[in-house]
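Here's the structure we're looking at; comments come further down.
No value in this document is a laboratory result; all are computed from the given coordinates. Every value quoted in this text rests on a predicted model; they were computed, and no experiment measured them. With ideal geometry, Cβ positions are generated from the backbone for all residues, glycine too; neighbour counts draw on all protein chains shown.
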Amino acid sequence: MSGRHRLLVPLFVLALAARASAQAAHHGLDPVNLDTTCAPCQDFYRYANGGWLARTALPPEYPSFGSFTELVERNNTTLRRIAERLAAAVPVTPKTADQKLGAFYASCIDSTAIERAGADPLKNELTRIDAIASREGLTRALARGHHHGWDPVFNFGGTADFKRSTMMIAAASQGGLGLPDRDYYVRDDSTARALRIAYLEYASRTLRLLGDAPAAADSETQRILALETALARASLTRVERRDPNANYHKMALAAADSLTPNLAWPTFLRDAGAPATNAINLAQPRFFRAVDSLMTAVPLADWRAYLRWHFTRHLAPWLSTPFVDASFQFQRALTGVKELQPRWKRCIQAANSMMGDALGQAYVKETFTPEARRRALAMVENLIAALDDRLHTLEWMGDSTRAQAVAKLRAFGTKIGYPDKWRDYTKLLVDLHDFAGNVVRAQTFATARDFDRIGKPVDKAEWRMTAPTVNASYSPSYNDITFPAGILQAPFFDPAADDAVNYGGMGAVIGHEMTHGFDDQGRQFDAQGNLRDWWTPDDAQRFKDRASRVATQFDAYTVVDSATHVNGRLTLGESIADLGGLKVAYAAFQHALAGKPRPPAIDGFTPEQRFFLAWAQIWRAKATPQYLRNQVVVDPHAPARWRGMGPLSNLKEFAEAWGCKTGDPMVRADSLRATIW
Ligand SMILES: [Zn+2]
């Protein structure tokens with residue numbers, strides 16, 4: 001889909017989800033999840049989660065599984081009931097959002113029709129691609145790919161202008177790769193080599209399904225890999241991309257045209273269906289210069305092969321079994337997942353990603369109460385008050401920076417549960433008997449909506465996550481925090497549980513999102529969401545010194561084997577947010593306890609101990625080695641074990657709650673301890 005270049009910082013990388021009406025069996029913390037044979041100051045992750053880890057097997061249809069996925073699983077049951085009810089009542093011509101959602105889901109479940117269609121849904125587009133006979137034809141084909149939302153070669157869409165956050169502008173950013181990171185094209189270790197081989201097999205197998213002879217398919221895939229490798233070499237690394245200024249190169253359309261003489265932007269915009277505009281952010285100019293030279297250096301036959309492959313690959317998960325299998329085999333090689341998810345779950349996922357507001361509206365009607373929204377909002381207000389207090393008492397920050405930081409916090413927008421205005425699906429055509437067509441139409445519809453925003457004022461009320469999502473986010477340009485209905489339930493948030501558990505769970509999640517406004521990336525944006533340096537040089541330096549400690553701490557963590565490290569710079573923003581989120585949530589929790597009779601211990605644990613147990617249980621997770629190896633390359637979040645433990649070892653509050661001493665593994669030495677917010 002379009003718009004991937006925009007900055008949005010999710011809590012956790014997971015595509016889909018929702019929520020169940022059923023309550024968790026235990027409110028708060030279940031003692032059977034602990035392993036009390038382990039000392040809490042030695043390995044708190046095992047102490048808090050050892051019981052769960054011992055009895056939980058990784059389900060074969062997941063490459064990683066934990067609190068987030070448990071909630072997704074529970075929510076899937078609710079979403080399935082909703083989707084099946086709507087699917088059973090679809091009229092011949094679906095008109096309302098509910099009817100269209102029902103038809104969309106029904107067409108996805110109809111495996112007989114999907115198998116019968118085979119490769120047919122690809123034919124028209126493949127014929128067009130085969131007919132590309134000139135560089136201009138290539139530009140128009142790229143534009144057409146973007147019109148339909150499969151984003152060949154680069155990403156394109158509307159985004160808030162980093163330096164004028166009230167306006168939406170056109171933006172194009174690096175992309176076009178089939179492997180999940182540019183590093184996999186340029187690295188020469190056994191993991192990267194094996195993934196390239198799996199990718200070649202995947203592409204070749206898919207091209208043979210289109211009728212290509214095996215030798216021809218193998219040759220095409222080699223040339224596709226060569227083209228993608230050239231794109232990868234011209235791409236910034238994920239760490240380089242954490243610098244917003246490295247991704248901001250707004251220029252007049254004429255300047256963009258002279259940067260890429262072979263790619264005429266006015267033609268591209270027109271054919272993609274984007275409005276005429278006189279400025280564009282070519283986010284990474286070096287990448288677009290490379291694209292431009294590849295447009296003439298690479299034979300058109302190779303470009304046609306690249307486009308056939310990417311178009312097919314994009315739709316493959318929604319086509320007949322041979323395409324789905326080829327796609328899944330690659331996922332298997334990449335993530336270690338053992339089994340394909342059952343069709344109904346894939347269909348819920350499709351509905352959430354392509355008709356998310358239709359699904360979300362039906363979902364919150366059934367599951368999300370005004371009371372839940374009110375309680376979540378009250379908690380956000382308590383967290384904002386706690387961070388406000390921290391900002392006022394922070395010893396390392398000078399007064400002028402402090403004043404701007406406080407102003408930024410007070411300008412935060414808060415989105416809870418679901419949007420006030422739902423997306424209008426009136427113009428989306430859904431056909432009960434044509435699932436692939438529905439996918440293409442839904443993605444074209446979403447893209448058109450995205451493009452339509454270019455050149456217009458930013459709609460601050462817009463949501464960028466669907467209501468059933470089990471996640472949360474902060475946006476630097478919008479300067480707002482979002483907590484969808486999907487995450488506002490146990491184990492994160494449970495009205496029936498004690499305060500300790502809710503502050504250690506949802507409270508820390510809220511604090512995490514707020515802290516993103518002040519992490520290595522977020523701190524570069526001001527209260528209005530503009531990329532502008534509001535720091536004195538001294539304060540900026542003090543921030544960087546403190547942040548470096550966090551990066552160094554996470555650099556030392558390994559996964560799978562002693563040679564595979566977490567990347568402290570890639571995960572810096574998330575690790576700062578975890579640390580700050582916990583600190584602020586703990587302060588808010590203490591504030592909530594003040595002036596009241598002290599709550600009794602529960603299951604032998606003090607309120608403070610339960611706060612930290614609640615945090616650790618969010619991060620209980622199992623994952624395959626392949627998943628973890630890929631995670632440290634692509635994911636700005638450290639693996640769950642280190643998210644659970646890393647920040648705690650910096651907190652005096654944790655050491656006090658558990659009686660940990662200097663020298664214990666869960667206590668970092670004063671000379672290494674990181675404290676920022
Ligand atoms: Zn985050």
Checklist entry - Yes or no: A442 among the small types (G, A, S) and within 24 Å of G511 (Cβ to Cβ)? => result no
Checklist entry - In the stretch 521-543, how many are without any contact (Cβ under 8 Å) to a residue 12 or more places away in the chain and among the charged types (D, E, K, R)? => result 1
Checklist outcome for this item: Wholly inside the stretch 28-139, helices (runs of 4 or more DSSP H) that include 2 or more residues that are basic (K, R) are 44-55, 67-87, 123-130
Checklist entry - Could you count how many residues in the stretch 430-482 are surrounded by fewer than 22 Cβ atoms within 10 Å (Cβ to Cβ), out of contact with any Phe, Trp or Tyr (no Cβ under 8 Å at 6 or more places or on another chain) and of a type in the set (S, T, N, Q)? => result 1
Checklist entry - Just checking, how many residues over the stretch 244-267 are free of Cβ contacts under 8 Å to residues at least 24 places away in the same chain and either on the phi > 0 side of the Ramachandran plot or part of a loop (DSSP other than H, G, I, E, B) (or both)? => result 0
Item to check | Scan of the stretch 508-561 for residues that are farther than 21 Å from F483 by Cα, of a type in the set (D, E) and in contact with a Gly (Cβ under 9 Å, 6 or more places away or on another chain), ordered by number | outcome: D520, D538, D539, D555
Next on the checklist: Can you say whether T277 is on the phi < 0 side of the Ramachandran plot, outside any helix (DSSP H, G or I) and among the hydroxyl-bearing types (S, T, Y), as far as the supplied structure shows?
Outcome noted: yes
Next on the checklist: Go through (1) surrounded by fewer than 18 Cβ atoms within 10 Å (Cβ to Cβ); (2) over 27 Å from T260 (Cβ atoms); (3) of a type outside the set (D, E, K, R) for L207 and report which single condition fails.
Outcome noted: (1)
Checklist outcome for this item: Given (1) touching a His at 6+ places or on another chain (Cβ under 9 Å); (2) more than 16 Å from the ligand (Cβ to nearest atom), Q404 misses just (1)
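Applying the selection to the stretch 634-652, what residues are away from the ligand (no atom under 16 Å from the Cβ) and in contact with a Lys or Arg (Cβ under 8 Å, 6 or more places away or on another chain)? So that I can check it myself, show each step before the final result.
Kept after step one, since they are away from the ligand (no atom under 16 Å from the Cβ), are these residues of the stretch 634-652: 641, 645, 648-652.
Within the stretch 634-652, S649, N650, L651 meet the criteria.
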Item to check | Condition met for L259 (touching a helix residue (DSSP H, G or I) at 6+ places or on another chain (Cβ under 9 Å) and either within 15 Å of Q174 (Cβ to Cβ) or surrounded by 20 or more Cβ atoms within 10 Å (Cβ to Cβ) (or both)) | outcome: yes
Next on the checklist: Can you report the number of residues in the stretch 153-185 which are charged (D, E, K, R), in contact (Cβ under 8 Å) with a residue 60 or more places away in the chain and part of a loop (DSSP other than H, G, I, E, B)?
Outcome noted: 2
Next on the checklist: Checking the condition of a type outside the set (F, W, Y), over 22 Å from the mean Cα position of the chain (by Cα) and exposed (fewer than 15 other Cβ atoms within 10 Å of the Cβ), which residue from T56, T78, T93 passes?
Outcome noted: T93
